[in-house]
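Please treat every number below as a calculation from the coordinates, not as lab data. All figures in this text were calculated on a predicted structure; none of them were measured in a lab. Here Cβ is always computed from backbone atoms with ideal geometry, including for glycine, and neighbour counts include all displayed protein chains.
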């Protein structure tokens with residue numbers, strides 16, 4: 001039981017906005033934390049906290065408040081298996097302060113971001129208890145990829161548009177090929193003799209959204225090839241990108257509406273198993289405070305990551321495109337990835353698919369256009385024109401994923417092929433050094449230099 | 001019934017379906033001789049010279065006359081003669097091409113004979129590996145003579161011809177012949193093949209995009225080569241996984257066609273026509289002849305192209321695969337006529353997958369060992385044609401419950417169209 005619950009907990013950052021399901025998972029969290037995971041003292045203190053919570057908000061007894069604070073701390077910091085990576089955060093800050101090598105800062109910040117990404121989802125869910133299902137679903141859907149969003153914002157702020165594009169593209173690729181591929185592979189091997197089924201309607205909606213996203217990336221690219229490069233092309237590409245971004249945001253809003261309001265039942269299939277009490281582990285305001293604090297730390301680490309990526313690339317001899325397309329997303333998605341694999345092992349492919357596809361469509365339909373709109377507001381010229389190789393990989397990825405999820409069943413060969421596709425794409429960006437230098441120095445590919 | 005002989009070259013490790021053609025396919029004389037041989041086979045080897053001679057003759061008859069394509073065998077000595085007496089080189093080319101057609105079919109037959117003695121798994125492996133032996137040998141010879149374009153063209157052409165021509169004509173003929181009936185197939189097997197082909201497409205697409213987006217060819221040559229070699233290794237891994245999937249863990253997916261054969265054919269004896277050693281000797285001999293003819297073909301293709309006024313790309317993408325796949329093609333169409341689409345699909349898709357995931361990366365690896373710089377960058381038009389055929393095929397085989405109707409001949413008209421473009 002212990003193992004079971006702690007495994008479930010890692011997976012608690014499902015981004016598919018399915019509130020009830022998350023609530024169910026959280027109930028497992030509580031059990032794990034209260035009953036299995038921690039000391040008896042912990043249990044009692046958590047029971048106490050639950051009773052005395054409203055009282056505590058109005059500061060009466062300082063001692064109890066301290067206890068409350070400590071419990072909170074323990075819940076938030078130690079509530080995940082990834083907590084062993086937390087020490088990387090102060091180390092990263094210290095490394096920056098004492099002027100260590102910049103590659104070290106990069107590596108430590110990357111490690112530190114891994115548990116933070118998972119914790120933000122946890123806190124978002126805690127807040128969702130107090131806000132009702134719809135707002136909660138919205139919150140979950142929006143904050144699901146908070147780390148990616150914050151890194152993207154910092155890259156935008158520092159005018160590193162190519163890092164921004166690469167990291168978002170890489171996140172989509174990693175969700176669709178790596179997370180999904182390893183899940184199907186492990187699930188297929190673990191359940192070799194059983195039938196592995198999933199609901200393909202949910203997968204279909206996500207595939208369609210991803211195809212719309214692909215269209216929005218393809219048109220600006222073709223624009224440039226059809227008309228040729230020049231200032232007028234750059235201007236019209238930019239206009240097209242902004243219009244496309246607005247359309248993508250509309251599509252995303254419609255998707256959220258579809259998912260949370262009109263077609264709940266399509267996304268609710270996984271709910272059935274958990275039907276016990278569902279309670280928040282921490283109070284609304286403390287969760288809120290924690291969330292703000294976490295976000296600030298993420299922002300700090302993201303700034304380090306974005307600021308030191310070139311130095312790390314130079315000293316390791318790995319191209320920036322490989323680091324931001326392959327390494328960054330693997331680290332950012334580590335928690336999701338683990339959760340998805342665990343559910344696949346238990347032959348619950350619906351959840352694995354929800355994690356991988358939900359995350360991919362969220363980045364492609366929400367984070368990317370949001371970045372374009374924010375760049376617009378900041379008067380930065382960012383368009384949707386990823387360059388040819390990247391768009392080609394994206395197109396292939398979306399098509400092979402859509403094709404894999406066609407028939408509602410799975411076996412390990414499907415996962416194997418998705419995973420191998422990812423390896424090929426990773427190899428491609430690994431050897432892609434020379435053209436990358438050309439792009440960032442000479443050609444106005446990113447719109448950054450056209451500004 | 002006599003037309004049943006060709007499907008011996010199913011590459012899917014299906015051993016059972018091979019024995020019954022022995023008895024239906026030949027004349028009565030043939031049948032009796034084969035029954036005689038079966039009894040005396042082991043003793044004959046250890047007997048006197050007269051018996052040995054008889055054994056040899058029986059063997060010869062089995063191997064040489066066991067196919068309808070044996071009318072083309074005389075082309076082989078003619079080709080050799082043409083080469084020796086310095087005939088026109090286009091003649092050598094044409095005769096060698098004709099001679100290769102029956103040999104391709106016979107190699108599959110011999111492989112299956114050997115497979116009887118090795119058990120199903122090794123046999124399946126053998127069948128899977130030797131299924132496209134002709135293509136492999138031609139490719140290796142072209143590689144040896146540093147004609148890398150020819151290697152790429154002929155392999156690409158083989159994939160296209162399997163996916164569009166063989167599959168297209170099979171579905172078309174099957175659809176026409178069984179207009180009133182429902183034509184069903186198991187799409188799970190087709191799905192796996194389509195996914196493998198998509199992975200192969202990715203491996204061809206990335207080096208191409210690389211070249212286009214990377215600017216000067218000098219800068220991208222080394223990374224393209226590295227990428228191609230890495231991709232080839234990945235493809236070989238995928239192919240091994242596919243073989244394991246097919247032969248070990250998910251046999252039942254690929255065994256659908258077996259049952260249908262057992263009910264109309266005799267379930268009884270499945271004995272090899274010849275011993276393992278004579279099988280191996282024949283196989284080695286055949287391979288040597290194929291190698292000789294392949295060398296002629298590769299060496300004379302440019303002359304043939306000049307004298308006929310056809311481009312080398314047309315000859316190697318269109319003509320070469322049609323000839324090399326003739327036997328398979330006939331088998332697939334015949335099974336489609338009998339409404340056994342699973343087998344037709346197995347032939348066409350299995351062969352295409354094998355070339356894309358095994359022969360192509362193997363050529364890259366061999367080129368690597370030989371120190372030749374062969375990458376996976378087919379040109380734009382070839383890769384485009386490949387992409388369209390793979391995606392069209394994948395979509396054609398999509399429909400879940402709907403039967404395949406002869407409207408699915410869509411791929412077929414596409415193939416001449418592509419041919420035009422390419423040539």
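All Cα-Cα distances of segment B:59-137, cut into 10 Å bins from zero to the largest, leave 18, 38, 30, 11, 2 percent in each bin in turn. Counting, for every residue in B:193-200, the Cβ atoms of other protein chains within 10 Å of its Cβ and taking the mean gives 4. Taking a ≥ b ≥ c as the square roots of the Cα gyration tensor eigenvalues, segment B:133-224 comes out prolate, since a/c reaches at least 1.5 and a/b is larger than b/c.
Between residue A:70 and residue A:246, the modelled labels are 5.6 nm apart [label points 7 Å from Cα along Cα→Cβ].
Pop the C-beta distance of residue A:253 and residue A:189 into the FRET formula with R0 = 35 Å and round what comes out to the nearest 0.05. Computed FRET efficiency for residue A:253 and residue A:189: 0.35.
Placing a label point 7 Å from the Cα of residue B:60 along the Cα-to-Cβ direction, the residues of segment B:109-126 with a backbone N closer than 20 Å are B:110. Here the label points at residue B:284 and residue A:407, each 7 Å from Cα along the C-beta direction, are separated by 4.3 nm in the simple model. If a/c stays under 1.5 just call it rounded; otherwise compare a/b with b/c (prolate if a/b is bigger, oblate if not). Do that for segment A:199-252, with a ≥ b ≥ c from the square roots of the Cα gyration tensor eigenvalues. Oblate is the answer for segment A:199-252, as a/c is 1.5 or above yet b/c matches or exceeds a/b. Would segment B:173-258 count as rounded, prolate or oblate if I go by the C-alpha gyration tensor, calling it rounded below 1.5 in a/c and otherwise prolate when a/b exceeds b/c, oblate otherwise? Since a/c reaches 1.5 but b/c is at least a/b, the shape of segment B:173-258 is classed as oblate. FRET efficiency for the pair residue B:222 and residue B:310, taken as 1/(1 + (r/R0)^6) with r the Cβ-Cβ distance and R0 = 30 Å, rounds to 0.30.
For the pair residue A:204 and residue B:81, a Förster radius of 60 Å applied to the C-beta separation gives a FRET efficiency near 0.45, rounded to the nearest 0.05. In this label model, residue A:63 and residue B:179 are separated by 9.6 nm, measuring between points 7 Å along each Cα→Cβ vector.
Computed over segment A:128-222, the percent of Cα pairs more than 24 Å apart is 45.
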